[in-house]
Amino acid sequence: MDTALTLTTDMELVLGLVVFTMVMFLFERIRADVVALVVLVILGLTGLVPREDLFGGFSGSAVMSIIATMILGAGLDRTGALNRLASWLLRRAHGVESRLLLYTTAAAGMTSSIMQNPSVMSLFLPVASRLSSRTGLTLSRMLLPLAAAIVMGGALTMVGNSPLILLNDLLVAANANLPSGAASLEPLNMFAPMPIGLALLALSLAYFHFFGSKLLREDGGDAVTPARTQSYFARAYGIEGDVHELTVGVDSPLVGMSLGDAEALHGAPLFLALQTANESRLSPPADARIWVGSVLGAMGPKQLVTDFAQNNFLRMSSRLRAFGDLFNPSRAGISEAVVPPTSGFIGKTQAQLRLRKQHGLSLLAINRDKQVLREDVRNTAIRAGDMLVLHSIWTDLAQAAKGKDFVVVTDYPKDEQRPHKFKIAMAIFAASMLLALSSKIPVPIALMTGVAGMLVAGVIHVDEAYAAISWKTVFLMACLIPLGWAMDSSGAAAWLAGHTLEQLPEGFPLWLLQFLIGLLTTLFSLAISHIGATIIMVPIAINVALAAGGDPVAFALIVALSASNNLMTASNPVMSMVTGPANYAGRDLWRVGGPLSLAYLVVIVIAINLLYQP
C-alpha cells in the first residue's frame, strides 16, 4: 500500500467530521443521535457520500439485525423465561455466594450472545434483585460481575453487540476501496467469534471468582438492595412506610388548593393518594384540587404528619378507612428504577413528565451518585444512571416500564404475561439460530424469520415489538455508518494508516500493532461510544493491516471486540445501569474494571492470532 498519500480536501473534510463527532460525543452538549444526523446531512451536502447511498445505513444488514435481536429478546422476556432462570439459579446455588455469582454471571453472559447488552442487563436486574432479596447478597457484590459477563458474552456471536453487528457491513463496504490485487474481505459467519467469546467469558468468571471479588466492596446496610421491607426504604432514603389519612376540614387553608401547591408547603409530608367525592386515586396529579371533605393519603414520620395536620386543620387517622385497599402491599408499594442512557426522561423534571397524571407514579426521591435527593424532587431534572424511588400501583408500574424509559430494579409482584408460550418461543428462537448457521441464508433474514414466527404465534404483539426497539440506537447507527464509508472512500483511513506506520520502527511486531489498535479503540469507546469507535476505527485498522502485511479481517475483528471493552466508566450503557442500583463510585469501576479491561485486550490479541495464523 502506498504510505505517501497526499492529504486531499475530501480527506480533510472527513477527518474534520470525525474530530467534530468525537468532541460532540465527549462533551454531550447535543444528543448523540442528533450529532449523528448532523454528520449525515453534512456528508450529503458535501458529496463525500453519493446521495443515492446516503440513507443506505437505514436499510443495511446491521440495522435490521439489531432490530431483530431487540424484538426476539422482548419475545423471550414475555414468556417469563428469566423468572424461571432465577428460580433455577437459586436451586442450583444452594445459598453459596461464590456458586450463585458463578451461575448467575455465566447465565447472563450466555444470554448476551443472542440479545443486545443493555437489554440483557434490563432483564437481569430484576433477577439479581430477586436473588439478592432471597439470599442477602448485596447488589454491590453482584452487579459488576454481572455487567462484565454480559459485556464479554456479547463476543460469542456476531449479533451479541452492536460493534460485531456493524462489522460485516463495514467489511463488505471496504471491498470497494481495496488496492488492486488484494483479496476481497468475506463477512464472518454467525458463530465466527465464539472461541474468542468463550475465552473472554471464562476470563470474566475466573477474574471475579479468584481475584475480582476481593476488590468488590463489602457493603453493609448502605448497599442499595431492592425488594426489602419498608424499613429498607426508611433507612436508605428516609422514607417512612407508615401511611396516615388526613381529612380536610372546612377551616383548612388547603381547601381549593392544588395538590402540587400543598406539597410545596413547609413541613408537608408525601401525598400519595387523594379521595374526593367518593373517588379514591393513588398518585393523583399535581393539579388535582383539594376540597372540604377530601381525604389525603400522607406518608412520613408520625410526628411530621401530626404537626402538618394540626397546622392546617386536618383530622388525622392512622387507620386506613378510605385507602385500605389502595395501599395493600399486594397491589401497591415502593419500588426503585434506574434510568438508562436511552431514556426519554433524561433532562426532564417530574413536573414536565407528569409522572402521576400520565403513568400513575409518585416520585419520592432520587438516588444520584450516592446522594439522596428529597428536596424539590418534583423540579429536579433526571439524569442517566439516576435511581428513581417510586410509589405506585404495581400494574401501573408494569405498564409504565414497557416504555423502556426506566428499568425497574425492585422485584415487585406481577403476573408473567405469556408463560404458556414459553415452549413455542424457545422453538422459534432455536429455529432462527439454526437458520443463521446456514451460509446460504444471511443472518438478518434468519433473525427476522424468528421475529415473524413470534408475531404469528402470538408470543409478542406487533405494538410490543415496536416498543422493544431502541430507536435511538438504531438511528445513531444508521446515521454514522456513512461516515465509515467516507473514511474509506476518501482515502482518509489509508492516509492515517500509512502515516501511522511511518512512525513505527522497522520490524515492529504485528501482535503489538494489534494491541495498540485495540487500546486506541478502547480509549475511543470511552469518549464516543462503542458504535462511533467501531465505525471510525475499522477502516483504519483494515488499511493498517494491508500496509503492514497482516490479515485485515483479524485487525477489524480486534476493533469490533475492543469497542465493547469499556468496563471502567458509565459511558457504557451496561455500566451506567448498574452504578445506581449498586451505589458504585467512579473509583470502584476503575479499580475493578481497569485490570479486567487490560486482560480483555491481551486475551483477544492472543485468541485472534491463534485463529488467524498466516
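Here, each number is a calculation from the coordinates, and none is a lab measurement. What you see is a predicted model; the values in this text were computed from it and never measured. Cβ placement follows ideal geometry from the backbone for every residue including glycine, while neighbour counts extend to all protein chains displayed.
With the convex hull of the Cα atoms taken as the outline of the stretch 230-317, the averaged projected area works out to 5.4 nm².
Projecting the Cα positions of Asn175, Pro509, Ser113 onto the charge dipole of the chain (unit charges on Cβ atoms of Lys, Arg, Asp and Glu, taken about the Cα centre) puts Ser113 furthest along the positive direction. Other residues whose C-beta falls under 10 angstrom from the C-beta of Thr342 contribute a net charge of 0, scoring Lys and Arg +1 and Asp and Glu -1. Using the alpha carbons alone, the radius of gyration of the chain stands to its Kirkwood radius in an Rg to Rh ratio of 1.03.
Could you give log10 I(q)/I(0) at q = 0.16, 0.20 Å⁻¹ for the stretch 12-129, computed by the Debye formula over C-alpha point scatterers of equal weight, without solvent? Summing over Cα pairs of the stretch 12-129 leads to -0.86, -1.05.
Under the convention that each Lys and Arg Cβ holds +1 and each Asp and Glu Cβ holds -1, the size of the dipole of the chain around its Cα centre is about 1840 debye. Each Lys or Arg adds one and each Asp or Glu takes one away; over the other residues whose Cβ falls under 13 Å from the Cβ of Ser489, this sums to -3. Measuring between alpha carbons in the structure, the pairs from Lys302/Lys402; Lys357/Lys404; Lys302/Lys348; Lys214/Lys472; Lys402/Lys423; Lys348/Lys421 lying more than 28 angstrom apart are Lys302/Lys402; Lys302/Lys348; Lys214/Lys472; Lys348/Lys421. Inter-label distance, Phe508 to Trp590: 2.8 nm, where each label sits 7 Å from its Cα along the C-beta direction. Ellipticity at 222 nm from helices only: DSSP H runs of n ≥ 4 in the chain, each -39500 (n - 2.57), divided by the residue count, give -17500 deg cm²/dmol.
Where in the stretch 101-117 does the label zone of Leu611 land, with the point 7 angstrom along Cα→C-beta and an amide N cut-off under 13 Å? Answer for this model: none. Positive end of the dipole of the chain (Cβ unit charges, origin at the Cα centre): among His499, Leu131, Ile608, the Cα lying farthest that way belongs to Leu131. Each Lys and Arg Cβ is given +1 and each Asp and Glu Cβ -1; about its Cα centre, the stretch 230-317 then shows a dipole of about 120 debye. What is the helix-to-structure angle for 32-46, meaning the angle in degrees between its Cα long axis and the longest Cα principal axis of the chain, kept from 0 to 90 and rounded to the nearest 10? Roughly 40 degrees, rounded to the nearest 10.
Counting only Cβ charges, +1 for Lys and Arg and -1 for Asp and Glu, the dipole size of the stretch 259-362 around its Cα centre is about 180 debye. Computed from Cα positions, the angle between helix 443-457 and the longest principal axis of the chain comes to roughly 30 degrees.
Size estimate for the stretch 458-570 follows the Kirkwood approach: the inverse of mean 1/r over distinct Cα pairs works out to 15.4 Å. Relative to one another, the C-alpha centroids of the stretch 169-205 and the stretch 538-614 are positioned 15 Å apart. Taking 7 Å steps out from each Cα toward its Cβ at Ala183 and Lys302 produces label points 8.1 nm apart.
The convex hull of the Cα atoms of the stretch 507-614, projected and averaged over all directions, covers 6.8 nm².
Diffusion coefficient of the stretch 375-495 by Stokes-Einstein, Kirkwood radius over Cα pairs, 10 °C, 1.306 mPa s: 85 µm²/s. Exposed loop sites here mean trypsin sites (Lys or Arg not before Pro) with a DSSP loop assignment and at most 10 other beta-carbon atoms within 10 Å; the chain contains its longest site-free run at 52-318.
Close amide H partners of Val409, meaning residues 5 or more places away or on another chain with modelled amide H under 5 Å apart, are Glu336, Ala337, Val338.
Kirkwood's formula applied to the C-alpha pairs of the stretch 332-408 gives a hydrodynamic radius of 12.1 angstrom. Note: the stretch 293-422, Cα convex hull, 146 Å³ per residue.
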